[in-house]
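What follows is calculated from the coordinates using simple rules that are stated; it is not laboratory data. What you see is a predicted model; the values in this text were computed from it and never measured. No Cβ is skipped: glycine too gets one built from the backbone with ideal geometry, and neighbour counts run over all protein chains shown.
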Amino acid sequence: MLIPIGHENLRGRRWPYISAAIIALNVLAFLGTHWTLEAESRRVGEIRSHILILAGAHPDLRMSEEAQSFVQNFEQNNPQLAEKLRSPSREIEDAWDARMRMVEDPGELQLDMDTLCQQYADEQNSSMLRNYAYVPAAPRPISYLTSLFLHAGWLHLIFNMWFLWLAGTILEDTWGRVIYPAFYLLCGLLATVAHGMVNAGSLTPALGASGAIAGLMGAFLVRFPKTKIRMMWMFLLGFRIWRYKFSAPAFALLPLWLAQEFLSGVFTAASGGVAHWAHIGGFVAGALLALALRYTGLEQKADQAIEAKVTWTAEENLLAATDALDQNDLDGALDALKMHLAQKPDDAEAQNLLLNVYWKKQDMTAYRDQLATVCRAYVNARQMDQAWERYQDYVKAGGQRLHKAVWMELCRYLENHQDWERAANEYQRVARTYPNDRVSVTALVAAAGICGKHLDRMDEAVRLYQQAQASSAPHADLDATIRAGLAALHAAVAAH
């Protein structure tokens, strides 16, 4: 299974309130409807099954127009299953089926069919799915909106909301809190229309936010084609679940997803229970609408308005923090800095001011944690000299577990400056701190290479390579490097 786990642009200028509100609405709608929909689905499923069985065994029985339409639709889309239901030698489905096989009186059979048709009509009239999900054969105006907030199950909801968060938050940051929700709803509407056009006459309800979210994905491709999306491939091998992570640009991944949806739509139609044409329609609509926003200038105007507001608010908070610090109002400075950093998390000046506040408050735990944050900010800004200084302060303050990616960047910084002793030691500290993580194997291999090539510590290099080789962390792609390193060391020892 291939799952997106993030991308490079997840951090925006403001908290994505609209995306969070859409997710909350979907969750609340799910909690309010899920169990009702499950019970309704069981009842309607049983009634439909009985109508199909009775109609298959006695095709001359009269049915209501709605039931007749359902049976004809089923037989057209499932000819083999319909033929099986007509067979007298098929297996008995339930107690009702067993009883009906004993009935031969045409009047009694017709009475049962009339009862089933009435039950079917009653369920359809009161059905939440019929009223609020989108049914192509009989669409209700409100269902174009309400269907976007209904979901069939927990996994359907969770995956949709995760995709919405990944694609939606950065688009909200780009377009603002007026254009973005209007865009989302319009994509959902157009996706539903596309599904209805391809599946005209279908009685199968369509529900879920995936059409609108596909629109966000189409817009993401147009707006951020080179942004690298982090993916995780999970697969079962034997009795163990293996995970492999990689990154690829949006222009490589998203068209592949669209092509997969197109092929699924062509070859499986709606029979697979997934509204592929809603996904396709939403994606194309989102891409075209994003282009329209860009070339009409609306996007630029929205971006300028957001930037002006964020800059003004952030600078106001930073000035308030500086004034509070001058007056030794440490709590006031702390509150103002947190508000500033919520909008500008990479502001090194504010991060260092916050560090100063924690020092003056003698909150050493917060001070140490803030040192790690400042170190990370400097690494992200590629200010490696300052990052290394803050890391040393972090260690002196008792810090022992820096973020692994930041720590590895600092190790490479030491390597680039040919500070071999420190680099080897830091790599080994990373490996000891994250023993079950793949980064430990990478760090051990790097430390072994330094010990063998630059420090002339062959025995230590062999030990580190062997430790990497024996690691339980996944490292199949490093096995060849480890074997080559060991072979080179053995050859060097033999030559001496």
Amide H partners (placed H, <5 Å) of Gly6, local residues excluded: Arg230
Order of Trp175, Trp242, Trp420 - criterion: other Cβ atoms within 10 Å of each residue's Cβ, fewest first: Trp242, Trp420, Trp175
Entries in Lys228/Lys361; Lys338/Lys396; Lys226/Lys404; Lys226/Lys344; Lys226/Lys301; Lys226/Lys453 that, when Cα-Cα distance is taken, lie over 30 Å: Lys228/Lys361; Lys226/Lys453
Segment 356-495: proportion of alpha-carbon pairs further apart than 19 angstrom, %: 55 percent
The chain - charge dipole about Cα centre, Lys and Arg +1 at Cβ, Asp and Glu -1, debye rounded to 20: 1400 debye
C-alpha long axis of helix 404-416 to longest principal axis of the chain, angle in °: 40 degrees
Integer Hz, Karplus 6.51/-1.76/1.60 couplings in order for segment 374-388, x for Gly and Pro: 5, 4, 5, 4, 5, 5, 4, 8, 6, 9, 6, 4, 5, 4, 5
Translational D in µm²/s for segment 1-133 (Stokes-Einstein at 4 °C, 1.567 mPa s, Kirkwood Rh from C-alpha pairs): 71 µm²/s
Per-residue ³J(HN,Hα) for segment 128-135, Karplus 6.51 cos²θ - 1.76 cosθ + 1.60, θ = phi - 60°, Hz, x for Gly and Pro: 5, 5, 5, 7, 10, 7, 8, 10
By average C-beta atoms within 10 angstrom, highest first, the peptides 325-337, 476-488: 325-337, 476-488
Stokes-Einstein D (µm²/s) once Rh is taken as the Kirkwood radius of the chain over alpha-carbon pairs, at 10 °C in 1.306 mPa s: 57 µm²/s
Under the Debye formula (equal points on every Cα, no solvent term), log10 I(q)/I(0) of segment 61-136 at q = 0.12, 0.20, 0.24, 0.25 Å⁻¹: -0.44, -1.14, -1.31, -1.31
Under 5 Å, built H, 5+ apart or other chain: amide partners of Arg140: Val135
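Relative to the present Cα-Cα distance, how much length would full extension add between Thr433 and Asp346 at 0.36 nm per residue of separation? Could the numbers behind the result be given before it?
On the way: separation 87, 0.36 × 87 = 31.32 nm, distance 2.62 nm.
In short, 28.7 nm is gained.
Based on the Cβ-Cβ distance of Ala138 and Leu236, what FRET efficiency does E = 1/(1 + (r/R0)^6) give at R0 = 35 Å, to the nearest 0.05? If you can, show how the numbers build up before the last one.
On the way: r = 42 Å, r/R0 = 1.21.
Efficiency, rounded to the nearest 0.05: 0.25.
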Highest to lowest packing among 97-105, 426-434, scored as the average C-beta count within 10 Å: 426-434, 97-105
Whole-Hz ³J(HN,Hα) from phi, Karplus 6.51 cos²θ - 1.76 cosθ + 1.60, for segment 52-59, glycine and proline x: 5, 5, 5, 5, x, 7, 9, x
Ascending count of other beta-carbon atoms within 10 Å, so fewest first, for His417, His279, His34: His417, His34, His279
For the chain, calculated [θ]222 nm from helices alone, where every DSSP H run of n ≥ 4 adds -39500 (n - 2.57): -24000 deg cm²/dmol
